[in-house]
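Down below is the structure, laid out as structure tokens.
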Amino acid sequence: MDAGMDLLHSSGVELVQYLQLNYRDSQSWFTFISFAADLRNTFFVFFPIWFHLCEAVGVKLIWVAVIGDWLNLIFKWILFGQRPYWWVHETSYYGNSSVPVLEQYPITCETGPGSPSGHAMGSAGVWYVMVSAFLASVLRRKQQGSSTKCFTTIWVRAGLWTIFWAIQFCVCLSRVFVATHFPHQVFLGVLSGMVVAEVFGRINAIYNASFKRYLQITLFLFSFALGFYLLLKVLGVDLLWSLEKAQRWCARAEWVHIDTTPFAGLVRNMGALFGLGLALNSPIYAESCKGKRGQQFSFRISCIVASLIVLHLFDSVKPPTQREFLFYFLSFCKSATVPLAAAAFVPFCVSQLVNRQDKKLL
């Protein structure tokens, strides 16, 4: 078993070296792809856009992102996956021969276990939802037209899924290039993300869940993860073993960020789910988005633009990292505020401004 994994890891290291040697000039592109594939963009960019264009898709995006990343954490704790940038220094596979040299970058030093890739899993799940929603919308409109032809439908479907796979391919190459993941880890991430998205495409209960249900699920997910960690801690298994490896083998200490730790991702996701439940069950959401005003296209576009601006400014405020507990608490609050602002506060404010303008015109 160990010999097989060493062979798999060594072949992955060879691919990392090949990419870093032959595509060194593409470093900025790979870095951008990793940044774009970060799950935070789902909350700060994709969610406000889709929520105001098609509320059901926006809700599904949050659920797929949160549950997918929670499952990713559990999988990582179970699989104990290595990462290339520290594995080459600790393995005995190379014996007395020279250890392969892998370049590191500011986004390389992820602190959690490596399998499956969180970026690949999140990207696959989120883009699967968006492509499926866009495809369904396009096909629905084409079916309403009498001149719709079968070959047009085929080309639309083929084009959208080609874009989907091109994006996933770039994300996978990016994560391998920066020596954060082995190839099999990004492949497993893409596959897992698609499965999560497909499953949630069949669960209709998420669209009308009460705040109590949101709260129950949030507490269950957090308690399960924390309980799983504490149980194995008692049994002598430290699930934060990867943090020490990251700190030891990262080229620069400042590249090890607290927001890449397993519990940082957990509290962010729980905050986003809690905030979504609070927003969808708030009276200002019902007043702003459920009336005639909420059906107007101009109103929706205004909400999208305002939400993106507000969330961009809000994202620039970073929780202090000096105290770990305070960082986690503020991260939870910040994540909860994102869907609350996009789905409730911003539409309410836009609605009030429009109403005032209408009164002035009268």
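Structure summary
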item: Calculated P(r) of the stretch 234-278 - Cα pairs past 12 Å, %; result: 69 percent
item: For the chain, with +1 on Lys and Arg beta carbons and -1 on Asp and Glu, the positive-most of 182, 207, 337 along the dipole; result: 207
item: Helix 297-315 axis, angle to the chain major axis (alpha carbon atoms, nearest 10°); result: 40 degrees
item: C-alpha center-to-center spacing [the stretch 69-131, the stretch 232-273] in angstrom; result: 13 Å
item: Value of Rg to Rh for the stretch 179-253 (Rh from inverse mean 1/r over Cα pairs, i.e. Kirkwood); result: 1.10
item: Hz values of 3J(HN,Hα) by residue in the stretch 321-326 - Karplus curve (6.51, -1.76, 1.60), Gly and Pro given as x; result: 9, 5, 10, 4, 5, 5
item: The stretch 9-165 - charge dipole about Cα centre, Lys and Arg +1 at Cβ, Asp and Glu -1, debye rounded to 20; result: 840 debye
item: Top positive-direction residue, dipole computed over the stretch 205-319 with Cβ charges, set 260, 314, 275; result: 275
item: Rounded accessible area per residue of the chain, 1.4 Å, Å²; result: 51 Å²
item: Sparse-neighbourhood loop sites, chymotrypsin sites (Phe, Trp or Tyr not before Pro) in the stretch 1-95 - DSSP loop, at most 16 other Cβ within 10 angstrom; result: 23, 80, 94
item: Mean Cβ count within 10 Å, highest first, over the residues of peptides 154-163, 208-217, 330-339; result: 330-339, 208-217, 154-163
item: Charged-residue dipole, Cβ positions (Lys, Arg, Asp, Glu), the stretch 242-357 about Cα centre, Debye nearest 20; result: 260 debye
item: Dimensions (Å) - the stretch 81-209, Cα atoms, principal axes, largest first; result: 71, 37, 24
item: About the Cα centre, charge dipole magnitude for the stretch 177-298 (Lys/Arg +1, Asp/Glu -1 at Cβ), debye; result: 380 debye
item: Accessible-area composition of the stretch 150-228, carbon plus sulfur, in percent [1.4 Å probe]; result: 77 percent
item: Percent carbon-and-sulfur accessible area, the stretch 264-362, ignoring ligands, DNA and RNA, probe 1.4 Å; result: 66 percent
item: Interchain or long-range residues, amide H under 5 Å from residue 115's placed H; result: 81
item: Pairs from 76/245; 60/334; 245/334; 76/233; 60/212 whose Cα-Cα separation, in the structure shown, is over 22 Å; result: 245/334
item: Integer Hz, Karplus 6.51/-1.76/1.60 couplings in order for the stretch 92-105, x for Gly and Pro; result: 9, 4, 7, x, 8, 6, 5, 6, x, 8, 10, 5, 10, 10
item: Translational diffusion of the stretch 9-151, µm² s⁻¹ [Kirkwood Rh, Cα pairs; Stokes-Einstein; 37 °C; 0.692 mPa s]; result: 181 µm²/s
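The values are calculated or read from the model by the stated rules, or taken from the named source; none is laboratory data. Just so it is clear, the model here is predicted, and its values are computed rather than measured. Note: ideal-geometry Cβ built from the backbone for every residue, glycine included; neighbour counts use all protein chains shown. Ligands, DNA and RNA are stripped out before the accessible areas are found, and what is left, the full protein with its side chains, is counted by its heavy atoms. Shrake-Rupley method; radii C 1.70, N 1.55, O 1.52, S 1.80 Å.
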